[in-house]
Every structure is written in C-alpha cells, then in structure tokens.
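K.L.:
Please read through the structure below; I'll follow up with questions.
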Amino acid sequence: MESQIYAEIARVLEDARIPYVREFVLGPRSRIDFYCPSAGVGIEVKKGKPNRAAVTRQVTRYCGYARIEGLILVVERSLVGHPSSCAGKPVCYVPLNKQWGLAL
C-alpha cells in the first residue's frame with residue numbers, strides 16, 4: 001500500500017510539472033523519498049502510526065541539510081503536537097487519515 005502513496009505523490013508532482021528525484025540521498029543515513037530540487041522541498045512518507053521520537057530525529061536530520069528548504073511529511077496516521085518548523089525551515093505534516101479517512 002505504501003507504493004500506492006508513492007505513485008500518487010509522483011503523479012501529482014508530474015501533473016503539476018514539478019521536477020523531483022525519488023530516493024534522493026542527502027547524506028549518510030539520509031535518503032528522502034522525494035526531493036524537489038527547484039523548490040528545495042523534501043517529501044517523506046511514513047506508513048502506520050510512526051514513532052514520534054524517530055520521526056523527530058529524522059525530520060531534524062533532514063532539515064539540517066542546506067538543500068532542504070522545507071519538508072513535507074506524509075503520514076498514514078496523524079502525529080499529535082508536531083512542530084511546524086525545524087532548524088528555521090517549515091515542516092508540513094499531511095495525515096492521510098484526517099485528510100481523506102484513509103487507512104492503508
């Protein structure tokens with residue numbers, strides 16, 4: 001099911017003519033699911049209810065890279081109390097269960 005989320009994100013980016021790279025390597029232990037170089041935006045997908053501490057570490061690591069100017073985190077189930085920025089960069093959380101009532 002996670003592959004369906006990836007396919008849909010890719011379709012939306014292509015329809016909007018936003019260039020992107022899949023599985024972009026930012027650095028050691030840092031491979032983001034989608035990177036849109038023209039905007040400096042990274043998109044990371046998390047299935048299920050992600051571990052909040054692990055996600056926070058990952059977001060902090062990704063936002064530490066100069067190439068990342070903003071981050072979109074697509075999660076199947078929402079995270080309560082997530083920050084809207086990290087390292088001075090905007091972080092947008094898109095919980096699929098709240099947006100469309102989806103459970104994958």
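The values are calculated or read from the model by the stated rules, or taken from the named source; none is laboratory data. As the structure is a prediction and not an experimental result, all values here were calculated from the model. Reconstructed Cβ throughout: ideal geometry from the backbone, glycine too, with neighbour counts over all protein chains shown.
K.L.:
Has region 31-46 got at least one residue that is at pLDDT 95 or above, over 19 Å from residue 91 (Cβ atoms), of a type in the set (A, V, I, L, M, F, W, C) and in contact with a strand residue (DSSP E or B) (Cβ under 8 Å, 6 or more places away or on another chain)?
P.N.:
Within region 31-46, not a single residue is at pLDDT 95 or above, over 19 Å from residue 91 (Cβ atoms), of a type in the set (A, V, I, L, M, F, W, C) and in contact with a strand residue (DSSP E or B) (Cβ under 8 Å, 6 or more places away or on another chain).
K.L.:
Taking region 50-75 only, how many residues are touching a strand residue (DSSP E or B) at 6+ places or on another chain (Cβ under 7 Å) and either modelled with pLDDT under 85 or hydrophobic (A, V, I, L, M, F, W, C) (or both)?
P.N.:
10
K.L.:
I would also like to ask the following. Kindly evaluate residue 3 against the criterion of being modelled with pLDDT under 95 and touching a helix residue (DSSP H, G or I) at 6+ places or on another chain (Cβ under 6 Å). Lay out the reasoning, then the answer.
P.N.:
Working: modelled with pLDDT under 95: yes; touching a helix residue (DSSP H, G or I) at 6+ places or on another chain (Cβ under 6 Å): no.
No, not satisfied.
K.L.:
Would you please name the residue that is nearest to the chain's Cα centre (by Cα), looking only at residues in region 16-37 that are among the β-branched types (Val, Ile, Thr) and part of a strand (DSSP E or B)?
P.N.:
Step one: of region 16-37, the residues among the β-branched types (Val, Ile, Thr) are 18, 21, 25, 32.
Okay, now just the ones that are also part of a strand (DSSP E or B), so 21, 25, 32.
Details: 21: 13, 25: 14, 32: 8 Å.
The residue in question is 32.
K.L.:
Does residue 26 satisfy being surrounded by 11 or more Cβ atoms within 10 Å (Cβ to Cβ), touching a residue at least 40 places away in the same chain (Cβ under 8 Å) and among the aliphatic types (A, V, I, L, M)? Working first, answer last.
P.N.:
On the way: surrounded by 11 or more Cβ atoms within 10 Å (Cβ to Cβ): yes; touching a residue at least 40 places away in the same chain (Cβ under 8 Å): yes; among the aliphatic types (A, V, I, L, M): yes.
The answer is yes for residue 26.
K.L.:
Let me confirm something: among 14, 23, 8, which residue is among the acidic types (Asp, Glu) and within 18 Å of residue 92 (Cβ to Cβ)?
P.N.:
That would be 8, the only listed residue that is among the acidic types (Asp, Glu) and within 18 Å of residue 92 (Cβ to Cβ).
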